[in-house]
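This report concerns only the one structure given below.
The values are calculated or read from the model by the stated rules, or taken from the named source; none is laboratory data. These numbers come from a predicted model, not from an experiment. Cβ coordinates were reconstructed from backbone atoms using ideal geometry, including for glycine residues, and neighbour counts include every protein chain displayed.
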Amino acid sequence: MVILAVETSCDDTCCALIEARGKKRVYFKILSNIVSSQTKIHRKFGGVYPSLAKRKHQKNLPLVLKKALREAKNPKFDLLSVTVGPGLEPCLWTGVNFAKNLAEKWNLPLIPINHIEAHIFVNFIKKHNASNLFPAICLVVSGGHTQLILVNDFMDYKILGETRDDAAGECFDKTARILGLSYPGGPEIAKRAKNFQKSKKNLKISLPRPMINQKNYDFSFSGLKTAVLYDFKNRSNKKRLSKNYINEMAAEIQQAIINVLLRKTLKAAKNHKAKTIILGGGVAANEKLRRDFKEKTKKDLPKIKLLLPEIKFCTDNAAMIGATAYFYWLKGGKKNWKEIKANANLKIDESI
Ligand code: KG4
Ligand code: ZN
């Protein structure tokens, strides 16, 4: 079957067409996956400005849909899906109303999708054997969320821990802003960190690893942001900050975030006897994070399989929404489109 998916939970307007088949073994073919990014518009605010994002989604959606259909060579499709939460309320409603209109116009079923769940399911876009994955520990790290989730089976979730303040991606974005780097901060910090070279002249900047030794699975990143701000202010009082300072600070920010995420994820995997560790969300696109997770899992928990989404599927896209919809379709999950609502605070263990 062919699925048309719509995603507008944050600042990206996304439409995708994906072909899906199989039951026990599922196969997907991405026919098109269009992401129209608003980052340039939001850059001057250093983050996403919801009412502006909503207006842009309204304007972009028909164009992005047209492009997705054209790229997929106008296939006949059978099913619609849309993100209903979590996310920015006005943005979510734009996508939901758009998809509901399509459902009415074309008389097609519409499946409501949880954005966080889609960041996990995107790992199954490649052909996979669904058996022997569970229990799994999923780390979802994005601009809006940082959660450790125990997955006992498809659609059977328990949130083990989450951030008490800023999300990991938000920490990248906010610290980048302090350093004068542009939005979104994650890729900018990663780029500077790559330029950092260890030498005797290093300032040996040392940031905290918040909550790393605590027994729970919660996170906190706002203290890290404050530590960066103090260091930056202290040093910039004295002189103009060099490129080397920015590079070194970027490397330390990146490593502090990775260390905390890695330690807590591996601990959860070990304690819950997980067979798989699954990563998802924009921060999972970070190359150093991917490398550290691969190396440390192989070394400390060699029996555990690590699933990493392809980099292009880490950040927000609609292909992940369509893929998740297929799993719900297989389970017989249909809903009267008239009843579908956006829910900005939707939790992964909450039914839609
Ligand atoms: O999943 P996503 O596209 O949107 C949300 O659901 O929030 O994640 C966006 C977040 C941003 O905070 C961005 O800075 C971060 O992911 N990000 C990265 C990288 N690419 C995107 N963070 C670290 N390294 C990257 N390479
Ligand atoms: Zn996301």
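Computed values, structure above
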item	result
Options Gly180, Gly186, Gly143, Gly169; residue that is out of contact with any strand residue (DSSP E or B) (no Cβ under 6 Å at 6 or more places or on another chain), farther than 26 Å from Ala5 by Cβ and not assigned by TED's automatic domain parsing to the domain that holds Ala319	Gly180
Any hit, region 286-304, residues being under 12 Å from the mean Cα position of the chain (by Cα) and within 13 Å of ligand 1 (Cβ to nearest atom)	yes
Hey, Ala251 within 25 Å of the chain's Cα centre (by Cα), within 16 Å of ligand 1 (Cβ to nearest atom), within 15 Å of Asn202 (Cβ to Cβ) and of a type in the set (A, V, I, L, M) or not	yes
The one condition in (1) buried (at least 24 other Cβ atoms within 10 Å of the Cβ); (2) over 20 Å from Glu350 (Cα atoms) that Leu79 fails to fulfil	(1)
Residues satisfying the stated conditions in region 195-222, i.e. over 22 Å from the mean Cα position of the chain (by Cα) and assigned to a helix (DSSP H, G or I)	Asn195
Filtered residue count, region 90-121, keeping only those that are part of a helix (DSSP H, G or I) and more than 13 Å from ligand 1 (Cβ to nearest atom)	16
Of the criteria (1) buried (at least 17 other Cβ atoms within 10 Å of the Cβ); (2) closer than 24 Å to His145 by Cβ; (3) modelled with pLDDT of 95 or more; (4) away from ligand 2 (no atom under 16 Å from the Cβ), which one Ile116 fails	(4)
Failed item in (1) polar (S, T, N, Q); (2) touching a helix residue (DSSP H, G or I) at 6+ places or on another chain (Cβ under 6 Å); (3) farther than 24 Å from Asn336 by Cβ, with Asn60 passing the rest	(2)
